[in-house]
Amino acid sequence: MTTHIGLIGGGNISETHARAACAISGVEIVAIFGTNAEKASRLCREYGGKPYGDFDEFLAHRPMELVAIGSPSGLHAEQGIAAARHGLHVLTEKPIDITVERADALIAETRKAGVQLGVFFQDRCKPDILSVKNAVDAGELGKPILADARVKWYRPPDYYANSRWRGTWALDGGGALINQAVHTLDLMLWIFGEVEAVQATCKTALHAIEAEDTLIAMMKFANGALGVLQAATSVFPGYPRRLELTGSEGTLIIEHDRLLTADLKNPAPDLLKSSEADRNLSSSSPIVSDARGHQAVLEDFLRAIRTNTKPRCDGQEGRRSLALVQAIYEACRSGKRVSVEL
């Protein structure tokens, strides 16, 4: 049985979605909507499907059972709601949108329509990160004490200058935090649990953009652990993302999606088996050359549709990191400690 998918967006991430879809047996790209006709047509020539410049006509294309949204972040909910009203399942890029209110509207509309909603947080599918999640859930780390996350990346000026939406509040929802570091925030929440309060400061240190390119946040988790996050696109030449998790029984360190260190008092025998990291140079480039993570998310989403079960990262899960992002930005603006909506 063939699943027919439509892509929303004509940029780099939509090409990643196209490569992920084409790598899955029984999936066919049938339509691509993009505001840039040349880009949409090129994607169709390379990966299949009919190009559309009219969104309503795109949504009416049949056969089509689901859409993958790769448009600017501030359009995700609006486009997802429209798709749900056409009876289409919705798989959107991160973040789910740029405000919790819009995310809630999208979640409500997909529930009303009886369609699935998922978010591309592909790090949740990576083997070493899954091993760390399972180890923490099993109590091998002990009582959570400290989470230390560093997303010290670099983006050249052209990354922002050649885009109408990146680094804007209206369409990107912010800068390095909501666009680049949101993956890491998602992992912190997924593995260590909810954050109840934050303090933060940020600045635009290097780029000519509205939003921040450098940010530091301090967090208090609901379980009593403390956390710190450094998020930047201003750190030349860019360094691998690093997440250090410490509990009463030791420390686990993830670097570039690989389990780098497992210093535990009583480690499980299979925890030190490290897999190959993805080959994306995320620290210094926005280009996604390795689409295996996105493929895993799409495969999981297709299973959810087929079995009528929740995808690994559904709308409610995708909302968690956005709520934390909003609280961090509020802490930056106010200079005060901000409670996170749980």
| message | Checking the condition modelled with pLDDT of 80 or more, over 28 Å from Glu65 (Cβ atoms) and either among the β-branched types (Val, Ile, Thr) or out of contact with any Gly (no Cβ under 8 Å at 6 or more places or on another chain) (or both), which residue from Ala296, Ala331 passes? | response | Ala331
| Hits in region 317-342 - residues which are among the polar types (S, T, N, Q), touching a residue at least 12 places away in the same chain (Cβ under 8 Å) and farther than 12 Å from Glu194 by Cβ | Gln326
| message | Of everything in region 89-115, what is surrounded by 23 or more Cβ atoms within 10 Å (Cβ to Cβ) and farther than 20 Å from Gln326 by Cα? Give them in sequence order. | response | His89, Val90, Leu91, Thr110
| Val90 within 25 Å of Arg306 (Cα to Cα), at pLDDT 95 or above and not hydroxyl-bearing (Ser, Thr, Tyr) | yes
| request: Confirm whether Glu101 is without any contact (Cβ under 8 Å) to a residue 12 or more places away in the chain and of a type outside the set (Gly, Ala, Ser). | output: yes
| Which condition does Met1 not pass, out of (1) crowded, with 23+ Cβ neighbours inside 10 Å; (2) modelled with pLDDT under 95; (3) out of contact with any helix residue (DSSP H, G or I) (no Cβ under 6 Å at 6 or more places or on another chain), if it passes all the others? | (1)
| note | Checked region 9-24 for anything out of contact with any His (no Cβ under 7 Å at 6 or more places or on another chain), surrounded by 23 or more Cβ atoms within 10 Å (Cβ to Cβ) and closer than 22 Å to Arg303 by Cβ; matches are Ala18, Ala21
| Subset of region 83-117 (residues that are within 18 Å of His61 (Cβ to Cβ) and out of contact with any Asp or Glu (no Cβ under 8 Å at 6 or more places or on another chain)) | Ala83, His86, Gly87, Val90, Leu91, Ala113, Val115
| Restricting region 231-258 to residues that are within 30 Å of Gly174 (Cα to Cα), in contact with an Asp or Glu (Cβ under 7 Å, 6 or more places away or on another chain) and of a type outside the set (D, E, K, R), the residue that is surrounded by the fewest Cβ atoms within 10 Å (Cβ to Cβ) | Ile253
| task | Report whether or not Glu276 is farther than 20 Å from Ala181 by Cβ, at pLDDT below 95 and among the acidic types (Asp, Glu). | result | yes
| task | Having 1 or more residues that are over 30 Å from Gln180 (Cβ atoms) and without any contact (Cβ under 8 Å) to a residue 40 or more places away in the chain is the bar; report the helices (runs of 4 or more DSSP H) wholly within region 1-86 that clear it. | result | 37-47, 55-59, 76-85
| message | What's the total number of residues in region 25-56 that are in contact with a Pro (Cβ under 6 Å, 6 or more places away or on another chain) and surrounded by 18 or more Cβ atoms within 10 Å (Cβ to Cβ)? | response | 3
| query | Are there any strands (runs of 3 or more DSSP E) wholly within region 236-342 with 2 or more residues that are among the β-branched types (Val, Ile, Thr), in the same structural domain as Leu215 (by TED's automatic domain parsing) and under 30 Å from Ala200 (Cβ atoms), and if so which? | reply | 250-255
| task | Scan Leu324, Leu281, Leu226 and give me the residue that is in contact with a Leu (Cβ under 6 Å, 6 or more places away or on another chain), of a type in the set (A, V, I, L, M) and surrounded by fewer than 17 Cβ atoms within 10 Å (Cβ to Cβ). | result | Leu226
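The values are calculated or read from the model by the stated rules, or taken from the named source; none is laboratory data. Remember, predicted model here, so these are calculated numbers, not experimental data. Cβ atoms come from the backbone with ideal geometry, glycine included; neighbour counts cover every protein chain shown.
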